[in-house]
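The values are calculated or read from the model by the stated rules, or taken from the named source; none is laboratory data. Please read all numbers here as calculations on a predicted model, not as lab measurements. Every residue, glycine as well, gets a Cβ built from its backbone with ideal geometry; the counts of neighbours run over all protein chains shown.
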């Protein structure tokens, strides 16, 4: 994953664009995005998946409304569709890779918006022909953002609290939960953690938590009570978006770490750290 612009700049520049110019994406730009998306096939956990850039159709807006996701998207000229197998840690890998594609789209001047729903059984699946056992957990709209965002998009953004983020002290901890990590103690990783804090998440719930233990950074999922219950996910094949959020956090953390010359790798360690509450789930660790 190589970018021409600083990753921090791209993360802060990206926003959920819901209103687009009625203008096709320039062919060279479209081909660059399509090639980049197609090149990403394996996430840090090894789950296999594929991503395609497809042109928007007239019936897409109706399909989005029927799916209960953002049917307010207007004027998008395309969608990034990701297909994954039912593997372990597949959703984390999906979030990791899709977010990289979205940041690349941001770099080349395009707007995007994460869209979650039951896409496997929707009209979107017709364009990527999922094989048996493959799922489509989310898609992203793409196009040139309108110069003036529609009022409805602004209302949605404000209602979701998109401009309000949890404080550093509520997200990052030193050795154990309940002991806030200072920026000084975070050292060279302070920017990587701050860009985790800036990550997009479903309904802006910001479910990521990170505990520092010497040179290891343990990532936990802090589930939101009542949000997308597990029985709902299994019964209706609705994607567990908070696991996708963890993949987004991993993407931001690693891209910044690599850019700053901080070597490390992802590893499942299952640390002996007392969890903050019952809804806290260990995901993975970055070993620096």
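What number of residues in segment 177-210 are touching a residue at least 60 places away in the same chain (Cβ under 8 Å) and surrounded by fewer than 16 Cβ atoms within 10 Å (Cβ to Cβ)?
3
I'd like the residue in segment 53-69 that is more than 17 Å from residue 22 (Cβ to Cβ) and surrounded by fewer than 19 Cβ atoms within 10 Å (Cβ to Cβ) and, out of all such residues, is modelled with the lowest pLDDT.
Per the criteria, the residue is 68.
Report every pair of residues separated by at least 6 positions or lying on different chains whose Cβ atoms are under 7 Å apart, first residue within segment 73-95 and on the phi > 0 side of the Ramachandran plot and at pLDDT 90 or above, second in a loop (DSSP other than H, G, I, E, B) and surrounded by fewer than 23 Cβ atoms within 10 Å (Cβ to Cβ).
Going by the 7 Å Cβ cut-off, the qualifying pairs are 89/45; 89/47.
Could you tell me whether residue 261 is at positive phi, at pLDDT 90 or above and either in a loop (DSSP other than H, G, I, E, B) or not assigned by TED's automatic domain parsing to the domain that holds residue 103 (or both)?
On the way: at positive phi: yes; at pLDDT 90 or above: yes; either in a loop (DSSP other than H, G, I, E, B) or not assigned by TED's automatic domain parsing to the domain that holds residue 103 (or both): yes.
Judged against the criteria, residue 261 is a match.
Is it fair to say residue 4 is within 17 Å of residue 108 (Cβ to Cβ), in contact (Cβ under 8 Å) with a residue 24 or more places away in the chain and over 16 Å from the mean Cα position of the chain (by Cα)?
yes
Within segment 183-204, which residues are over 25 Å from residue 9 (Cβ atoms) and in contact with a strand residue (DSSP E or B) (Cβ under 9 Å, 6 or more places away or on another chain)?
185
Could you grab the pairs with beta carbons closer than 7 Å, sequence gap of 6+ or different chains, first residue in segment 32-60 and touching a residue at least 24 places away in the same chain (Cβ under 8 Å), second one in a loop (DSSP other than H, G, I, E, B) and surrounded by fewer than 15 Cβ atoms within 10 Å (Cβ to Cβ)?
From segment 32-60, the pairs are 48/41; 49/41; 50/41.
Give me the residue from segment 16-47 that is surrounded by fewer than 19 Cβ atoms within 10 Å (Cβ to Cβ) and touching a strand residue (DSSP E or B) at 6+ places or on another chain (Cβ under 8 Å) and, out of that set, modelled with the lowest pLDDT.
23
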